[in-house]
Amino acid sequence: MFRNRFHKLSVLNHLSFTFYLLLLAFAVSAVGLPLTVEAKRVPTPKEVLGFQPTDDRTIADWKQILDYFAKLDAASDKVKVEEIGKTTLGKSQIVAYISSAENIKQLNYYKSLNTAINNPNYKLSATESIKPTLSGKTIVAISCSIHSTEIVASQMSMLLAHQLATATDEKTKNILDNTILLLIPSANPDGIDIVADWYRKTLGTPYEGTNPPELYHHYAGHDNNRDWFAMNLQETRNITKLFWQEWFPQIVFDVHQQGQSGARFTIPPFFDPPNPRISPVILRELGLLGYKMAADLQRLGQAGIVTNATYDTWWHGGFRSAPYYHNSIGILSEAASARLMTPITISKDRLKRQRPSRGLKSPLERLTNNPKPWEGGVWRPADIARIEMVSSYAILEMATKFRDRYLENSRMLAAENLKPKPNEPKAFIVYAGQPNEERVARFLETLMWQGMEVHIMDHELEVATDENNKTKFGEIPAGSFIVMVNQPQRPNVLSLFEKQVYPERINANGEAEVPYDVSGWTLPMQMDIEYVTAWDIQNLEKHRKDLKKIENINQARKLLNLKPNSKSFDKLPYPLKSKPSIGLYKGWANSMDEGWTRLVLDNHQIKYTSLMDSHFRANVLNFDTIILPSINERFLVNGRNIRQYPKDYTGGITENGVENLKKYVENGGKLICFDDSCEMVINKFNLPMKNVLKGLTRKQFHSPGTILEIDVDTSNPIAKGMKPKMPAYFIYSSAYDISDDSKIKPIAKYGEKDILLSGWIFGEKYINGKTAIAEADYGKGKIILFGFRPQHRGQTYGTFPFIFNALEK
């Protein structure tokens, strides 16, 4: 029953696989995992692939995974596979719906019911249930291997799908009757092939089990799980549409792997701090599901199961954290890794040397959150898969048993989000008539794609914009765009528009505690969108008729006097007046910053050439401008270690390449450096400036992903069109003292005081008044140094023009 949205398309040793089956057999008595299979012939993964997924030294690529799911769809009436879109590189991205045969026949019906549960404004048809919480199903999404080197889950997905499609025990029957599973075999199919190709290429060599020497997402690499409010990547948009425009899952399980030497499995509840915009109900339900997973694994005797450690619930932009702002429970699991699909042996001594993490000083210490430490041994892909399978069943069992509770929670949270709350704004308003209409349109499209309601103001409104003086009103012009706070996805509205105020967390040693990922992300600040917070609106009910909902991005573009887009998130206009030749360093650094730079250039239709180490060694540097993304000096110059990778992927640009780069600039070339790469240029080119933050400890300074204010010299051509004060994204970045201002001109400096716009900065005094962007004359050429990343994760549209101006001939 393969649907028309998707066209149909070695081994673990015998003893280990037998051990796997024995553990599953024990699971029948311990936690009730099924082993019985239905009489109807459904192919096993092994029959289709020729090997058992998760066996040692085997790997299924994306074509093989697609092929298996196609055959499963054709053979089972409990499985329906659909293409949800194309990947960045044009592959099919799929979801497999798994449920009872009757539920599969009525997927659209249950989709409508769940939409109504999650949006009180959604109207069901006369033929649909008037009490959707009574007849709906718990929608559970399980997504595998967004980080493609965390490969096991993608292989496990075939085992999980087969098990659910064929088991006939009462537990599985109840799961299929009461839930609809949205199984995503990989959120990054392109990366599955990159990893599979590299693994097969190096199998049986000294490099077996190493990570590929290239980004495993074309643009983002590991950062593909940092895009879940920015919508920069095609895969993000595909899944966001599936989740927050169509299905609104109650539970989202994001399956990951972590390092090799820590806990065997880290799961919720998570570490502090929680974000105040996440409902306490969500946090408690998250804890319940995590403890159910932990309890089931503990009953099986699995050691090294850890909760309340490392990962927190502060940050927004991950696969499992974005659901919190959509009234959904997001679960992250992190299993200890093997060497891709090659087993490893971890000694107890190596575990003793493991660096402490938040909530876990040592993986060997017996604690309440780690009651049975793992003491070392052989660790196989099949071990990882077993843990992930048991955890998936634990979640599905909870979704079944407490179906009414999860559906009612969804209904309750959505309904509560429509009610005004004290000390919260009424709306956020994006001013009419501001410049950079294309940027405004992209901002609105980003909000709408993730299910946010945006309206156009057909009439001016009197609005109180001062939180401390809510009786003082001023006029906001008609034609402005308004995002009301009281809508079903209220937490998402607040989290993206508000300034984040990260709680200052200093540990017992007086050091700033490192949060998981970043501390601030306010999207309109990053994009430099002119907007106001509406704390009160005069005669709002009277003027509601003047607020017209924007139904699609081309409607907004028409209001902004822009041409319609031919597709969602279409390319942006070329921003340069000239046509410079551009070389962008890529090398074998796996630099995410390089990938995001390519994304920004591609999105703006700016042509460039990717430069490898050989270009610098051979002095093939015939470009108007060369860009060095944020890569540290050691890796730029020396590259990968020849003992760990084949020779072709090692060596860096070399000292000779550095000399060639110096000659390139001396002879009139332009060099642009982002963040970490500036250090190499400062040192090797003997520039009279230094990074004042170098050598400081976390007792002195810390700024972990923060929006800061910079003062801009708008008379400099590189700052053309910029404002005197701008937001800049600072993530463990740099700040400079210039010792000879006759050779180096500051273009922007960090503000003299109170520079925090969103997030957290500890030790601000160290960067107040220091240089953030500088321009140096060097021979006949120029060097432009950015102390921060002006294209950070493709999100910081506000500082993109610095790059475009620097690129002009």
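The values are calculated or read from the model by the stated rules, or taken from the named source; none is laboratory data. All of these numbers come straight from a predicted model, not from anything done at the bench. We place every Cβ from the backbone using ideal geometry, glycine too, and count neighbours over all the protein chains shown. The protein model used for the area step is the full one, side chains on, heavy atoms only, and it has no ligands, DNA or RNA in it. Shrake-Rupley method; radii C 1.70, N 1.55, O 1.52, S 1.80 Å.
One table, with the values for the structure above:
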item: Cα centroid of region 763-788 to Cα centroid of region 362-382, whole Å; result: 47 Å
item: Heavy-atom accessible area order for Asp312, Asp648, largest first, 1.4 Å probe; result: Asp648, Asp312
item: Largest-first ordering by accessible area, 1.4 Å probe, given options Met452, Met412; result: Met412, Met452
item: Antiparallel DSSP beta bridges within the chain, as percent of all bridges there, nearest 5; result: 60 percent
item: Contour excess over end-to-end distance, with Cα ends at Asn108 and Lys86 and 0.36 nm allotted per residue; result: 5.7 nm
item: Leading residue at positive end of dipole, the chain (Cβ point charges), from Asn327, Gly763, Pro688; result: Asn327
item: For region 631-639, Karplus couplings with θ = phi - 60° (6.51, -1.76, 1.60), whole Hz, Gly/Pro x; result: 9, 6, 4, 4, 6, 4, 7, 9, x
item: 1.4 Å probe accessible area per residue over region 437-558, in Å²; result: 40 Å²
item: Unit charges on C-beta of K, R, D, E only; dipole of the chain, Debye; result: 780 debye
item: Ordering of 623-635, 533-545 by burial proxy (mean other Cβ atoms within 10 Å per residue, highest first); result: 623-635, 533-545
item: Packing-based ranking, highest mean first, of 743-753, 438-448 given that Cβ atoms within 10 Å are counted; result: 438-448, 743-753
item: Spatial separation of Cα centroids for region 732-748 and region 473-503, in angstrom; result: 37 Å
item: Sites Asp624 and Glu659 - FRET efficiency at Förster radius 30 Å, r taken between beta-carbons, to 0.05; result: 0.90
item: Estimated 222 nm signal from helices in the chain, with DSSP H stretches of n ≥ 4 weighted -39500 (n - 2.57), rounded to 500; result: -9000 deg cm²/dmol
item: Spacing of the two label points (7 Å from each Cα toward its C-beta) at Lys372 and Asn121, in nm; result: 5.0 nm
item: Within region 274-308, backbone nitrogen closer than 14 Å to the virtual label 7 Å beyond the Cα of Asn423 toward Cβ; result: 276-277
item: Extension reserve of the Lys571-Leu364 stretch, reckoned as 0.36 nm per residue once the Cα distance is removed; result: 69.4 nm
item: Lys/Arg +1, Asp/Glu -1 at C-beta; the chain dipole; positive extreme among Tyr291, Ala230, Ser739; result: Tyr291
item: Charged-residue dipole, Cβ positions (Lys, Arg, Asp, Glu), region 674-809 about Cα centre, Debye nearest 20; result: 180 debye
item: Förster radius 22 Å - calculated FRET efficiency between Glu437 and Asp602 (Cβ-Cβ, nearest 0.05); result: 0.55
item: Reachable aspartates and glutamates from Lys401, criterion Cα separation under 12 angstrom, eight or more residues apart if same chain; result: Asp177
item: Flagged links, alpha-carbon separation over 28 Å, of Lys292/Lys421; Lys91/Lys586; Lys586/Lys694; Lys563/Lys782; Lys137/Lys421; result: Lys292/Lys421; Lys563/Lys782; Lys137/Lys421
item: Stretchable slack from Thr714 to Lys545, in nm (0.36 nm times residue separation minus alpha-carbon distance); result: 56.6 nm
item: Paramagnetic label zone (point 7 Å from Cα along Cα-to-C-beta, Thr471; backbone N under 16 Å) in region 517-553; result: 536-538
item: Cα-only radius of gyration and Dmax that characterise region 574-662, units Å; result: 13.6, 47
item: Partners for Lys699 among lysines (Cα-Cα distance below 28 Å; same-chain residues under 8 apart left out); result: Lys352, Lys361, Lys499, Lys690, Lys749, Lys753, Lys765, Lys770
